[in-house]
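Colleague: What follows is a structure written as structure tokens; I'll ask about it next.
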Amino acid sequence: MFLSTILKKENNNLDLIRIICASIVIYGHSFVMVNNSSGYDIIGKHLPFDYSGSFAVKIFFFISGLVVTNSLLVNKNPIHFIKSRIFRIMPGLIFFCLASTLVILPFFYDGSLKDYFLNSNLYNYILHNSLLITEYRINGVFGYEDNHRSVINGSIWTIPYEMLAYFILLAAFSVNLLNKKSLALVTFFFITLICMFQPGGFLVFHEGPMERSMLSYCFACGVLFCIFKEKIKIKISYSIILIVIYFLFSKTPISPFVFYATCFYVLLSISSMRFFLKLKPRYDISYGIYLWGWPVQQMVSKTAPSLGVYSNTFLSLIIAMVIASLSWILIERKFINIGRSLV
């Protein structure tokens, strides 16, 4: 089956893969949240260049690059693209900022309610994050001395980079780059070289860990897969060949790039399998789980500090799924429909 066929919504279950990835992010963050947690997550234990939460984010960026590029190439309408992206990303984010800060976080503030709502840092947090300027803390919330565990949401830093990737993609579409396969291929290799030799990568204009610098490569993989969707055949046998190729290059500097590309191809194979298609979720709650996962973990860790890594992961995931479902039903789905009607 060619990728162009798999990209039709009835032929893939990318929604479930995204939900699984959002759940993996929660699992990966549990090792930061839990007091005296020992060991390391299973992916980080076996992969020398990544851990579970970061790995899942890279899959998010690949799927996003694949799906939004396909939408742009099918509709060929920049205004449709801009409205669709804004109405998909911003309502859920603004809802998270308002609901978490005005309803939930006051119970985790080290002071009176009056002091909390008079705290100017509170309104900076709401405003900045709603404008895609990442703000991590509200003074007095959670009250940990350790920097990581005073962060309200350590996941939302990826959202501005994703929006930047959309802007760059739209610019590439505007100069007809997406329809010139040879030029698109050269651009992809250029981005790959930047990610290989520049610590900040392409989307991240400062030095940072590999989890940030590889975001542009993963998004570009999704774009490239989509551009060649009529040529790329998805087969289990090809997945096995790619896995063998990865192990051949596993001791070389390009092993991370081969690894991620192989994972993306394998996930597309799994997504189109008949048994996997039967597991399609009713609600697209992956974005909500991702937004709410970290703060819910903070609340669980603060309320029940004796819980271990897996208990924290399980309880946080259940709570995050409930909130994400409400976010989808009450906010996200309605605004997506509004965006469609405006288009």
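Colleague: Would you be able to tell me the number of residues in the range 294-343 that are polar (S, T, N, Q) and surrounded by 14 or more Cβ atoms within 10 Å (Cβ to Cβ)? It would help to see each step written out before you state the result.
Modeller: From the range 294-343, those polar (S, T, N, Q) are 297-298, 301, 303, 306, 311-313, 316, 325, 327, 337, 341; that's our starting set.
Subsequent filtering for residues that are surrounded by 14 or more Cβ atoms within 10 Å (Cβ to Cβ) retains 297-298, 301, 311-313, 316, 325, 327.
Within the range 294-343, residues that are polar (S, T, N, Q) and surrounded by 14 or more Cβ atoms within 10 Å (Cβ to Cβ) number 9.
Colleague: Does Leu16 qualify as being farther than 24 Å from Ser327 by Cα and in contact (Cβ under 8 Å) with a residue 12 or more places away in the chain?
Modeller: Values: farther than 24 Å from Ser327 by Cα: no; in contact (Cβ under 8 Å) with a residue 12 or more places away in the chain: yes.
So Leu16 fails the test.
Colleague: Can I ask one more? What residue, among those in the range 51-70 that are in contact with a helix residue (DSSP H, G or I) (Cβ under 6 Å, 6 or more places away or on another chain), of a type outside the set (Ser, Thr, Tyr) and more than 15 Å from Tyr217 (Cβ to Cβ), is modelled with the lowest pLDDT?
Modeller: Gly53
Colleague: Quickly run through the range 155-189 and pick out the residues that are under 21 Å from the mean Cα position of the chain (by Cα) and either under 30 Å from Gln298 (Cα atoms) or among the polar types (S, T, N, Q) (or both). Full working, then the answer.
Modeller: Filtering the range 155-189 down to residues under 21 Å from the mean Cα position of the chain (by Cα) leaves 155-170, 188.
Once the filter is applied, which keeps residues that are under 21 Å from the mean Cα position of the chain (by Cα) and either under 30 Å from Gln298 (Cα atoms) or among the polar types (S, T, N, Q) (or both), the range 155-189 yields Ser155, Ile156, Trp157, Thr158, Ile159, Pro160, Tyr161, Glu162, Met163, Leu164, Ala165.
Colleague: If you go through the range 264-302 one residue at a time, how many are part of a helix (DSSP H, G or I) and without any contact (Cβ under 8 Å) to a residue 12 or more places away in the chain?
Modeller: Final tally of qualifying residues: 2.
Colleague: Here are some residues: Gly65, Gly53, Gly44. Which one is in contact with a Gly (Cβ under 6 Å, 6 or more places away or on another chain) and either without any contact (Cβ under 8 Å) to a residue 12 or more places away in the chain or over 26 Å from Ile6 (Cα atoms) (or both)? Give the derivation first.
Modeller: Working: Gly65 fails: either without any contact (Cβ under 8 Å) to a residue 12 or more places away in the chain or over 26 Å from Ile6 (Cα atoms) (or both); Gly44 fails: in contact with a Gly (Cβ under 6 Å, 6 or more places away or on another chain).
Selected residue: Gly53, the only one of Gly65, Gly53, Gly44 that is in contact with a Gly (Cβ under 6 Å, 6 or more places away or on another chain) and either without any contact (Cβ under 8 Å) to a residue 12 or more places away in the chain or over 26 Å from Ile6 (Cα atoms) (or both).
Colleague: Check whether at least one residue in the range 249-256 is part of a helix (DSSP H, G or I), touching a Leu at 6+ places or on another chain (Cβ under 7 Å) and surrounded by 17 or more Cβ atoms within 10 Å (Cβ to Cβ), and report yes or no.
Modeller: No, because not a single residue in the range 249-256 is part of a helix (DSSP H, G or I), touching a Leu at 6+ places or on another chain (Cβ under 7 Å) and surrounded by 17 or more Cβ atoms within 10 Å (Cβ to Cβ).
Colleague: Separate question: Can you tell me which residue is farthest from the chain's Cα centre (by Cα) among those in the range 109-138 that are aromatic (Phe, Trp, Tyr) and either part of a loop (DSSP other than H, G, I, E, B) or surrounded by 14 or more Cβ atoms within 10 Å (Cβ to Cβ) (or both)?
Modeller: If we filter the range 109-138 for residues that are aromatic (Phe, Trp, Tyr), which is where we start, we get 109, 116-117, 123, 125, 136.
So of that shortlist, the ones also either part of a loop (DSSP other than H, G, I, E, B) or surrounded by 14 or more Cβ atoms within 10 Å (Cβ to Cβ) (or both) come out as 109, 116, 125, 136.
Values: Tyr109: 28, Tyr116: 31, Tyr125: 21, Tyr136: 17 Å.
That would be Tyr116.
Colleague: Just to be sure I understand the filter: pairs with C-beta atoms under 8 Å, separated by 6 or more residues or on different chains, first member in the range 309-334 and within 15 Å of Met90 (Cα to Cα), second member basic (Lys, Arg). Which pairs pass?
Modeller: Close Cβ pairs (under 8 Å, with a partner that is basic (Lys, Arg)) amount to Glu332/Arg88.
Colleague: Continuing with the same structure: Could you say whether any residue in the range 139-156 is farther than 24 Å from Leu326 by Cα, assigned to a helix (DSSP H, G or I) and in contact (Cβ under 8 Å) with a residue 40 or more places away in the chain?
Modeller: Yes, the range 139-156 contains at least one residue that is farther than 24 Å from Leu326 by Cα, assigned to a helix (DSSP H, G or I) and in contact (Cβ under 8 Å) with a residue 40 or more places away in the chain.
The values are calculated or read from the model by the stated rules, or taken from the named source; none is laboratory data. Since the structure is predicted, the reported quantities are computational estimates derived from the model, not experimental observations. Please note: Cβ atoms are built from the backbone with ideal geometry, for glycine as well, and neighbour counts cover all protein chains shown.
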